[in-house]
1. Give all pairs with beta carbons closer than 7 Å in which a residue from the stretch 122-142 that is at positive phi meets a residue that is open to solvent by less than 30 Å² (accessible area, probe 1.4 Å); count only pairs at least 6 apart in sequence or on separate chains.
2. Collect the residues in the stretch 81-124 that are in contact with a Pro (Cβ under 6 Å, 6 or more places away or on another chain), under 23 Å from Gln176 (Cα atoms) and crowded, with 20+ Cβ neighbours inside 10 Å, keeping them in residue-number order.
3. On the basis of being open to solvent by 70 Å² or more (accessible area, probe 1.4 Å) and free of Cβ contacts under 8 Å to residues at least 60 places away in the same chain, does Asp68 make the cut?
4. Taking into account only those residues within the stretch 23-56 that are under 17 Å from Val76 (Cβ atoms) and either open to solvent by less than 40 Å² (accessible area, probe 1.4 Å) or hydroxyl-bearing (Ser, Thr, Tyr) (or both), which is modelled with the highest pLDDT?
5. Looking at this structure, is Val59 part of a strand (DSSP E or B) and either among the hydrophobic types (A, V, I, L, M, F, W, C) or modelled with pLDDT under 95 (or both)?
6. Out of everything in the stretch 111-145 that is within 15 Å of Trp171 (Cβ to Cβ) and in a loop (DSSP other than H, G, I, E, B), what residue ends up being farthest from the chain's Cα centre (by Cα)?
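The values are calculated or read from the model by the stated rules, or taken from the named source; none is laboratory data. As the structure is a computational prediction, the values presented were derived from the model and not from experiment. Please note: Cβ atoms are built from the backbone with ideal geometry, for glycine as well, and neighbour counts cover all protein chains shown. When the accessible area is computed, the model is the full protein with side chains, heavy atoms only, and any ligands, DNA or RNA have been set aside. Shrake-Rupley method; radii C 1.70, N 1.55, O 1.52, S 1.80 Å.
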Amino acid sequence: LAAETTCDQKLDTASYWAPLLVTANGDVVSAARMVAYYRAGPGVDPERVIAPPAGLQVVAGRADATTDDPQPPTVVSWSCGDGAARQVHPPDCRGIGDLRLNVVFPDCWDGLNVVPLPIGRHLVYSAAGECPASHPVYITQVTLAFDHPAVDPGGLALSSGSIFGGHADFWNAWDQHKLERETRKCINRNLACRLAGARAP
């Protein structure tokens, strides 16, 4: 909370992380920027949404996903910049734009726990705009977009393993009053406000 931030929004001192991208010959491709999007989940009534609780820690995606057991593109996907096409494998974006890793976080909270549980989950995804009774609190859905320079997609991997194992971490250490105020002002009113800006690696 007392640390410096590289976010454009200086009251966003949250922690965002994803594994590094690695080429077939072992070169690391660092993300040029990261953008955090905060919005209501698909089909969720924005008036029901509250800000993520202070201190919330969550991982989205699965590091152990493989080509035979891929993740749904609604959770982890690759795209060329902010293009609408979402793919489970990195596309060739050379001459088009940045190579973007998209990771979508769950938006239904159990209302009790802010750190991952030993058994079960403290957060799950809404379905058809509804949260289950076990996780009844609708929170802002965070989507992280990591933009990398476009490279040959052949043989790409992540520093954590397979290219299919995209995942990311979010630790809510925002100035909580600011985050709650922006949630009421923007998300609850279904307005597209700039909540969290770009972050340098």
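1. Note: pairs meeting the criteria are Gly129/Val44.
2. Passing the criteria: only Leu123.
3. When the stated conditions are applied, Asp68 passes them.
4. Gly41
5. yes
6. Asn113
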